[in-house]
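J.: Got a structure for you, questions after.
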Amino acid sequence: MKINHSDTALLVLDVQSNSFSGFPDSQPLIYNIQEAISKARMVDIQVAYLKCSSEHANMPGDPGRRSPRRMFLERLPESGIHSAVAPIEGDIIFVKGPDSILTGKDIDTVLGRRGFTKLAVTGYPTSGTVLNTVREIAERDYDLTVISDGCGDPETAVHHDLMTNTIPRLARVLTARQWIASL
């Protein structure tokens, strides 16, 4: 019997090539995200990427105006999603502010309109985008899972503390292997 996962989305937060400059051993993290994405696609779970804009926000002044510097930076190859976990046709890509998926975007409406009630989160850094996003999602009516080894932070101790003390109060915490086995 095939299980219907149409109510589930895998969120991949800030895994841009330039995101890992302060995280020297990112290979295990990238591998675990790859595994989660691969399994998600295999069982028809929607994959949604959240890419931070290069300047994180518009320049002071006109909030609707894109600066020439920002437009140039967004075209740099290293500002794109890491090639090892690149999106494919059918994946959703959101461009967001620096701290969260929901800041400045109505992603909640987009996810809700598509009928998602279960979200799994991967991304970088744990102490920034992942934590802020989990906090915001936890306030909504989603069944939330954070894939612990699919998240990373340049400060290993901070990542460990967040995954063992803070995030479990807000969401289920599983390894990539555990999440994959649960599908």
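Any read-out appearing in this document is the output of simple, stated calculations on the displayed coordinates, not a laboratory observation. All values derive from a computational prediction rather than experimental measurement. Please note: Cβ atoms are built from the backbone with ideal geometry, for glycine as well, and neighbour counts cover all protein chains shown.
J.: If packing is taken as the average number of other Cβ atoms within 10 Å across a peptide's residues, how do 138-144, 28-34, 86-92 rank, most packed first? Intermediate results must be reported in sequence, preceding the final value.
T.: Working: 138-144: 13.6, 28-34: 19.6, 86-92: 12.0.
The peptides rank, most packed first, as 28-34, 138-144, 86-92.
J.: Take the alpha carbon gyration tensor of region 128-168, find the square roots of its eigenvalues, order them as a ≥ b ≥ c, and report rounded if a/c is under 1.5; if not, report prolate when a/b exceeds b/c, else oblate. Walk me through the intermediate numbers first.
T.: Values: a/c = 2.09, a/b = 1.94, b/c = 1.08.
Verdict is prolate for region 128-168.
J.: Could you list the residues of region 5-47 with an amide nitrogen less than 17 Å from a label point located 7 Å from the Cα of Lys118 in the Cα-to-C-beta direction?
T.: 5-12, 36-47
J.: Here's another thing I want to ask about it. Once both labels are modelled 7 Å past Cα along the beta-carbon direction, what's the Thr164-Ser83 spacing in nm?
T.: With each label point 7 Å from Cα toward Cβ, the separation is 3.7 nm.
J.: Okay, moving on. Using 0.36 nm times the number of residues separating Gln27 and Glu139, minus their current alpha carbon distance, what extension gain do you get? Present the calculation step by step, with values, prior to reporting the outcome.
T.: Details: separation 112, 0.36 × 112 = 40.32 nm, distance 3.19 nm.
Separation in residues times 0.36 nm, less the Cα-Cα distance, equals 37.1 nm.
J.: Order of 163-173, 10-20 by packing, highest average Cβ count within 10 Å first?
T.: Details: 163-173: 15.8, 10-20: 23.0.
By packing density, highest mean first, the sequence is 10-20, 163-173.
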